[in-house]
1. Kindly check whether there is at least one residue in segment 262-281 that is modelled with pLDDT of 95 or more and over 21 Å from Ile160 (Cβ atoms).
2. Could we say that Leu116 is away from the ligand (no atom under 16 Å from the Cβ), open to solvent by 30 Å² or more (accessible area, probe 1.4 Å), in contact (Cβ under 8 Å) with a residue 40 or more places away in the chain and closer than 23 Å to Ser277 by Cα here?
3. Under the condition of being under 18 Å from Thr40 (Cβ atoms) and more than 9 Å from the ligand (Cβ to nearest atom), which residue from segment 274-285 is surrounded by the fewest Cβ atoms within 10 Å (Cβ to Cβ)?
4. Is it the case that Ala105 is within 22 Å of Glu8 (Cβ to Cβ) and within 18 Å of the chain's Cα centre (by Cα)?
5. Quickly run through segment 165-200 and pick out the residues that are aromatic (Phe, Trp, Tyr) and open to solvent by less than 90 Å² (accessible area, probe 1.4 Å).
6. Any idea which residue in segment 238-253 is farthest from Ala63 (Cα to Cα), counting only those that are assigned to a helix (DSSP H, G or I) and of a type in the set (S, T, N, Q)?
7. Across segment 201-230, which residue is most open to solvent (accessible area, probe 1.4 Å) among those that are farther than 23 Å from Tyr145 by Cβ and out of contact with any helix residue (DSSP H, G or I) (no Cβ under 7 Å at 6 or more places or on another chain)?
8. Given Ala76, Ala89, which one is open to solvent by 20 Å² or more (accessible area, probe 1.4 Å) and either under 30 Å from Lys121 (Cβ atoms) or not in a loop (DSSP other than H, G, I, E, B) (or both)?
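The values are calculated or read from the model by the stated rules, or taken from the named source; none is laboratory data. Quantities reported herein were computed from a predicted structural model and do not represent experimental measurements. Note that we place each Cβ from the backbone using ideal geometry, even for glycine, and neighbour counts take in every protein chain shown. These accessible areas exclude ligands, DNA and RNA; they are computed on the full protein's heavy atoms, side chains included. Shrake-Rupley method; radii C 1.70, N 1.55, O 1.52, S 1.80 Å.
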Amino acid sequence: MVAKIALEEHCMTPGLIEYWQPTMTDVPAAVADKVLGRLTDYSGERIEIMDRAGITRSILAIAGPGVQAERDPSTAVKRARESNDQLAAQIAKTPKRLGAFAHLAVQDAKAAADELERCVKQLGFHGAMINGHTRGLYLDDASVYPLWERAEALGVPIYIHPTDPVVPAPVLDGTKGIRRATWEWGFETGSHALRLVFGGTFDRFPKAKLILGHLGETLPYLLWRFDSRAKLYGVQLKRQPSDYIKDNIWVTLSGMYSAEPLQCAIAALGRDRVMFSADYPFEDAEGAGRFMDSTPMAEDLRKAVAHDHAARLLGLTS
Ligand code: MN
């Protein structure tokens, strides 16, 4: 087995369960209970499955939407901080196996920036995971600049995780099975990233680091079209959209155990931009591990995708 760092691995802390539960209303209660059990386990089955999958280290993040769904900004700030402290206490029990992305209240970007810095400098976290829009606010909004500024200064990535859109698109109504993780989240999350690219966030913060799951939420497949249409529509950027996508964005597998999009992402973005993740417990981590071990790929590239790129991006030395 090749050694792996897994980057989109979910967990839960007690104060945030009420925000997560509505995301499980369309699955049987017994399944939701089992998932919650796995999300709140930090030392038992989680580590055993990591061992079987060859995952040497998992970077944990709260299963969304977390405090991003909270109406009251001060409550969101307080609960995010509590959650980060609780998560830090959990990972401190097995510090060589677990790391964390900070949970942040984007409603108050200055507070989120301060909390990110506290999490990185005091708790040893590796960046932040943001669960898509925050009650309709996307990360390209000018109010969020303080968070990008701080992330850039700290040199840590921000991972955008899928969430439900503000308003469902009519085209997805009335046909069972095409909403949420099938198609809706990919469009929502890819669009969120394109707002940052086309809106000039990476001109303003050229060293910002963004991570997307699902092998780039279809963006790697469409680079040519983004560049072509940005010209047609007169988009004013310093560089072509594909340049930012290649330079500011990293992508992870997150449950896409499929060779063709993996090869596309590597070919489109470059061999140092694609990283492993299992999306535990929502996907089968052992299946992800077997895929990473066996998908046709040069061995030096396999090692890099599975482990080394993530180690470099997150500054992990062991
Ligand atoms: Mn996930």
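1. Within segment 262-281, one or more residues are modelled with pLDDT of 95 or more and over 21 Å from Ile160 (Cβ atoms).
2. no
3. Ranking the candidates gives Pro281 first.
4. Against the criterion (within 22 Å of Glu8 (Cβ to Cβ) and within 18 Å of the chain's Cα centre (by Cα)), Ala105 qualifies.
5. Trp185, Phe198, listed by residue number.
6. My answer is Ser242.
7. Looking at residues that are farther than 23 Å from Tyr145 by Cβ and out of contact with any helix residue (DSSP H, G or I) (no Cβ under 7 Å at 6 or more places or on another chain), I get Trp224.
8. Ala89
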